[in-house]
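A.B. asks: Got a structure for you, written out below as structure tokens; questions coming shortly.
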Amino acid sequence: MSATSPRRWWALLVLATAQFMVIMDTSIIGVALPDMQRDLGFSQGDLQWVFNAYVIVFGGLLLLGGRLSDLLGARRVFATGWAVLIGGSVVAAAAQEAWVEILGRGVQGVGGALITPAAMTLLMTIFGGNPKELGKAMALYGAAAPAGGTAGVFLGGVLTEWLSWPWVFVIYIPIGLATLAAVPAVLPSVGSRRGSVDLLGAAAVTAGLALAVFAIVRAPEQGWGDSSTLLQLGGAALLLAVFVGIQRTLRQPLMPLSVWRTPGLAVANLVFLLLGGAWIPAWYFLNLYLQQVLGFGAFASGAALLPMTVTIMVLMVGVTGRLMGRFGMKPLTVTGLVVLALGLAGLTLVRPDGSFAADVLAASLVAALGMSLAYIPTMMQAISGVPAEQSGLASGIVNTTYQVGSALGLAVATALATGQGAGALGNAAKLTDGFQAAFVVAAVVAGAGAVLALVLPRGRAAGAESADAPVERAAELAA
């Protein structure tokens, strides 16, 4: 495609739509969860798999998606990802049993893991020859992520309230088909190259993460010291060790271990893991508190979360980059995590007879402020010191880290919340006790992230990069 071709802007629209939809897939289900639980027979503890089935597969296969994009051609992988996402959406929408719903969500995660890295490759192919246009394209593409997260919260409420919960998946089918129809006309063909694909490594890391989450979820019921729990956790550790062993031996691994020699990379990724482990459980249980304790319907619940999600979108896109340019990455990371922890601590005070205005609004806005301050600087800490030739790999790793943190954090919070009464549907007092426990976990995890962030290198401050650069480089990541 020519650098002056008018089709390049149509291509950007298709790619930004893909980013918007992939990120929306993690937020659109939130307000639909209670209806899905009622219709499909999920227990309170197992309901998290509607979320975790997607993020575990998505995060576990992102590096494989990037590798396939390089070897098979980005346009082909992008189109395949959409076909898979459509298939998963059909299964999830038609599900009549809990296990079928989880299967559909996992298939959606496969589609997302193919779409995301292929879209970035196509974006660089189309606009990489013009730095000015590349910056504009990356900023618009990056803005699609928080926009998707925000739209998902509201749209999920509208669809669930006025239609039914399957429509949060049905909506992907016509949009996916329209995207597939546009691919041949607006996206350039990107050449393939020879190389090997580490399917065994991808399977090992994804299975290891899934087994770890399964063990944590089941531990309150089985007992943390029970042989089955220990066996499951041991199996998860073994699978993850197998993954590392495979990466050491292959000539073309999914994740060359040499990237971890970058100073500060491991600590920055651990901070990012804790950020996901704090934010996602809070978002998940806030949805449940609004509907199962305060009695909000799906639409009212989605509307109640809009102030929080709009705050994140506006600040992340318009303010955080400028603050980071002035103060540097580390101060903003630490400040954001501290503010996030304070907001989550405020949510631990929710009451069984509380109200949105008194118990949720102020604390959720403080948490949103902290998230919007911390997300981009934390991510930038994880990729800024990596050599240029490994920047794509580092972006894939940090995105995977966030998804893994989300899944593990939600598993731990669910386990502890269930033990404190979060499974007692219909009993507002016990439910609130359980949800408070989940918010305590989230606040502690955010606080731990703030403490750990203190050992990060300071990073660049004013003048080191443009105010828009953080948004541009955040384009690959989930908001």
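A.B. asks: Being within 21 Å of residue 178 (Cα to Cα) and crowded, with 24+ Cβ neighbours inside 10 Å is the filter here; which residues of segment 44-81 pass it?
C.D. replies: 74, 77, 78, 81
A.B. asks: Inside segment 414-439, can you point out the residues that are assigned to a helix (DSSP H, G or I) and either of a type in the set (S, T, N, Q) or within 18 Å of residue 272 (Cβ to Cβ) (or both)?
C.D. replies: Within segment 414-439, the subset assigned to a helix (DSSP H, G or I) is 414-422, 428-439.
Passing the criteria: 414, 418, 420, 432, 436.
A.B. asks: Could I ask something else about it? Looking at segment 219-264, which of the residues that are in a helix (DSSP H, G or I), among the charged types (D, E, K, R) and free of Cβ contacts under 8 Å to residues at least 40 places away in the same chain is farthest from residue 67 (Cα to Cα)? Show your work before the answer.
C.D. replies: Looking only at segment 219-264, we keep the residues that are in a helix (DSSP H, G or I), and these are 219-222, 227-249, 257-261.
When the remaining residues are screened for being among the charged types (D, E, K, R), the result is 221, 248, 261.
With free of Cβ contacts under 8 Å to residues at least 40 places away in the same chain added as a condition, the list becomes 248, 261.
On the way: 248: 17, 261: 21 Å.
If we take residues in segment 219-264 being in a helix (DSSP H, G or I), among the charged types (D, E, K, R) and free of Cβ contacts under 8 Å to residues at least 40 places away in the same chain, then 261 is farthest from residue 67 (Cα to Cα).
A.B. asks: A further question follows. Sort through 98, 137, 144 and tell me the only one that's modelled with pLDDT of 90 or more and either in contact with a Leu (Cβ under 8 Å, 6 or more places away or on another chain) or not assigned by TED's automatic domain parsing to the domain that holds residue 240 (or both).
C.D. replies: After ruling out the rest, the residue left standing is 98.
A.B. asks: Would you mind stating whether residue 375 is of a type in the set (Ser, Thr, Tyr), within 16 Å of residue 332 (Cβ to Cβ) and buried (at least 24 other Cβ atoms within 10 Å of the Cβ)?
C.D. replies: Numbers: of a type in the set (Ser, Thr, Tyr): yes; within 16 Å of residue 332 (Cβ to Cβ): yes; buried (at least 24 other Cβ atoms within 10 Å of the Cβ): yes.
Yes, satisfied.
A.B. asks: Let me ask another. Which of the residues belonging to segment 313-348 are among the β-branched types (Val, Ile, Thr), assigned to a helix (DSSP H, G or I), surrounded by fewer than 21 Cβ atoms within 10 Å (Cβ to Cβ) and touching a residue at least 60 places away in the same chain (Cβ under 8 Å)? Before the answer, list the steps.
C.D. replies: Taking segment 313-348 and keeping what is among the β-branched types (Val, Ile, Thr), we get 314, 317, 319-320, 333-335, 338-339, 348.
Retained after the next criterion (residues that are assigned to a helix (DSSP H, G or I)): 314, 317, 320, 333-335, 338-339.
Retained after the next criterion (residues that are surrounded by fewer than 21 Cβ atoms within 10 Å (Cβ to Cβ)): 314, 335, 338.
Passing the criteria: only 338.
A.B. asks: If you don't mind, another one. Of these, 230, 270, 254, which one is surrounded by 15 or more Cβ atoms within 10 Å (Cβ to Cβ) and touching a Lys or Arg at 6+ places or on another chain (Cβ under 9 Å)? Outline the logic, then answer.
C.D. replies: Numbers: 230 fails: touching a Lys or Arg at 6+ places or on another chain (Cβ under 9 Å); 270 fails: touching a Lys or Arg at 6+ places or on another chain (Cβ under 9 Å).
Sole residue among the options that is surrounded by 15 or more Cβ atoms within 10 Å (Cβ to Cβ) and touching a Lys or Arg at 6+ places or on another chain (Cβ under 9 Å): 254.
A.B. asks: A further question follows. Just need a number here: residues in segment 27-53 that are within 22 Å of residue 416 (Cβ to Cβ) and part of a helix (DSSP H, G or I).
C.D. replies: Within segment 27-53, residues that are within 22 Å of residue 416 (Cβ to Cβ) and part of a helix (DSSP H, G or I) number 12.
A.B. asks: One residue is enough: does segment 152-167 have a residue meeting the conditions out of contact with any Asp or Glu (no Cβ under 8 Å at 6 or more places or on another chain), in the same structural domain as residue 114 (by TED's automatic domain parsing) and not in a helix (DSSP H, G or I)? Full working, then the answer.
C.D. replies: Of the residues in segment 152-167, the ones out of contact with any Asp or Glu (no Cβ under 8 Å at 6 or more places or on another chain) are 153-159, 161-163, 166-167.
Subset that is in the same structural domain as residue 114 (by TED's automatic domain parsing): 153-159, 161-163, 166-167.
Checking the rest, the ones that are also not in a helix (DSSP H, G or I) come to 163, 166.
Looking through segment 152-167, at least one residue is out of contact with any Asp or Glu (no Cβ under 8 Å at 6 or more places or on another chain), in the same structural domain as residue 114 (by TED's automatic domain parsing) and not in a helix (DSSP H, G or I).
A.B. asks: Taking segment 419-448 as the search range and keeping residues that are under 21 Å from the mean Cα position of the chain (by Cα) and more than 18 Å from residue 284 (Cβ to Cβ), which one is surrounded by the fewest Cβ atoms within 10 Å (Cβ to Cβ)?
C.D. replies: 448
A.B. asks: Of all residues being under 17 Å from residue 104 (Cα atoms) and of a type in the set (Gly, Ala, Ser) in segment 14-41, which is surrounded by the fewest Cβ atoms within 10 Å (Cβ to Cβ)? Just the residue, please.
C.D. replies: Per the criteria, the residue is 41.
A.B. asks: Tell me the residue from 183, 197, 205 that is β-branched (Val, Ile, Thr), at pLDDT below 85 and over 23 Å from the mean Cα position of the chain (by Cα), please. Even if it seems obvious, please write down each step before you answer.
C.D. replies: Details: 183 fails: at pLDDT below 85; 205 fails: over 23 Å from the mean Cα position of the chain (by Cα).
Going through 183, 197, 205 in turn, just one is β-branched (Val, Ile, Thr), at pLDDT below 85 and over 23 Å from the mean Cα position of the chain (by Cα): 197.
A.B. asks: Of the residues that make up segment 288-298, is at least one among the aliphatic types (A, V, I, L, M), crowded, with 24+ Cβ neighbours inside 10 Å and at pLDDT 90 or above?
C.D. replies: yes
The values are calculated or read from the model by the stated rules, or taken from the named source; none is laboratory data. The model shown is predicted, which means the values in this text are computed figures rather than measured ones. Glycine also receives a Cβ, built like all others from the backbone with ideal geometry; neighbour counts cover every protein chain displayed.
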